[in-house]
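The values are calculated or read from the model by the stated rules, or taken from the named source; none is laboratory data. Note that the structure is a prediction, hence the values are computed from the model and not measured. Please note: Cβ atoms are built from the backbone with ideal geometry, for glycine as well, and neighbour counts cover all protein chains shown.
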């Protein structure tokens, strides 16, 4: 693996760590802040995709975990998915992120769909993780509401959730945050007159 590929893995790993942090999983601050050279040193100068696999724990609920898998093959088949499924079952883990190099076979995709909602496997292509999209200046701050906050919002404005403006579950920021259908997200945008403009979106 050459220097360019090492740097590519460094960028992908950093975005994954930021994603976990933004989803409120426990992430050591030092891991996110590592320089490229420190990243290489921590992997004996030769980081691999397998090195980047990890499990993270929710801050507010230590019983909730997520796996990050880096399938070694360029095309992920159903056998590989079943291996990941077993690891999730063995660890009592409900959700996982698959960081793929190329594609997932049609049969593997169907199998992933069949596992939901008991097991959720999110798929991200490596190219999607080279840059953290939430750091772009044109992307406003998105904050998922808790069930209690969602209920309070709807009661305050006497609304049904379906009356809120919508955001697709496939929206890039919704995917980054791991949002599910039925959730509500608060979006904060800068405003020349009010300083900050807040809107809410129903995930569908």
Point to revise | The one condition in (1) within 22 Å of residue 11 (Cα to Cα); (2) surrounded by 17 or more Cβ atoms within 10 Å (Cβ to Cβ); (3) touching a strand residue (DSSP E or B) at 6+ places or on another chain (Cβ under 6 Å) that residue 108 fails to fulfil | key: (1)
**Study point:** Residue selected from segment 110-127 under the condition assigned to a helix (DSSP H, G or I) and in contact (Cβ under 8 Å) with a residue 12 or more places away in the chain, by the criterion farthest from the chain's Cα centre (by Cα)
**Key:** 111
Practice item. Might you check whether a residue that is within 26 Å of residue 120 (Cα to Cα) and at pLDDT 95 or above occurs anywhere in segment 190-200? Key: yes
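Go through segment 192-204 and report how many residues are assigned to a loop (DSSP other than H, G, I, E, B) and touching a helix residue (DSSP H, G or I) at 6+ places or on another chain (Cβ under 6 Å).
Residues of segment 192-204 that are assigned to a loop (DSSP other than H, G, I, E, B), as a first pass: 192-194, 204.
Now restrict to residues that are touching a helix residue (DSSP H, G or I) at 6+ places or on another chain (Cβ under 6 Å): none.
Going through segment 192-204 one residue at a time, the tally reaches 0.
Being surrounded by 14 or more Cβ atoms within 10 Å (Cβ to Cβ) and over 30 Å from residue 9 (Cβ atoms) is the requirement here; does residue 186 meet it? Walk me through it before giving the result.
Details: surrounded by 14 or more Cβ atoms within 10 Å (Cβ to Cβ): yes; over 30 Å from residue 9 (Cβ atoms): yes.
Yes: the conditions hold for residue 186.
For segment 85-95, what are the residues that are over 17 Å from the mean Cα position of the chain (by Cα) and not in a loop (DSSP other than H, G, I, E, B)?
Of everything in segment 85-95, those that are over 17 Å from the mean Cα position of the chain (by Cα) and not in a loop (DSSP other than H, G, I, E, B) turn out to be 85, 86, 87, 89, 90.
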Practice item. State all residues of segment 173-191 that are in contact (Cβ under 8 Å) with a residue 40 or more places away in the chain and part of a helix (DSSP H, G or I); if no residue qualifies, say none. Key: 173, 175, 176, 177
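List the helices (runs of 4 or more DSSP H) inside segment 1-79, counting only whole elements, that have at least 3 residues being assigned by TED's automatic domain parsing to the domain that holds residue 98 and crowded, with 16+ Cβ neighbours inside 10 Å.
In segment 1-79, 3-22 are the helices (runs of 4 or more DSSP H) which contain 3 or more residues that are assigned by TED's automatic domain parsing to the domain that holds residue 98 and crowded, with 16+ Cβ neighbours inside 10 Å.
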Point to revise | Output for segment 139-172, where each listed residue is in a loop (DSSP other than H, G, I, E, B), closer than 27 Å to residue 65 by Cα and out of contact with any strand residue (DSSP E or B) (no Cβ under 7 Å at 6 or more places or on another chain) | key: 146, 168, 170, 171
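For the structure I just gave you, tell me whether residue 98 is assigned to a helix (DSSP H, G or I), in contact with a helix residue (DSSP H, G or I) (Cβ under 9 Å, 6 or more places away or on another chain) and in contact (Cβ under 8 Å) with a residue 12 or more places away in the chain. Can you show your working first?
Working: assigned to a helix (DSSP H, G or I): no; in contact with a helix residue (DSSP H, G or I) (Cβ under 9 Å, 6 or more places away or on another chain): yes; in contact (Cβ under 8 Å) with a residue 12 or more places away in the chain: yes.
When the stated conditions are applied, residue 98 does not pass them.
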Practice item. Test residue 131 against the stated conditions and say whether it is part of a loop (DSSP other than H, G, I, E, B) and at pLDDT 95 or above. Key: yes
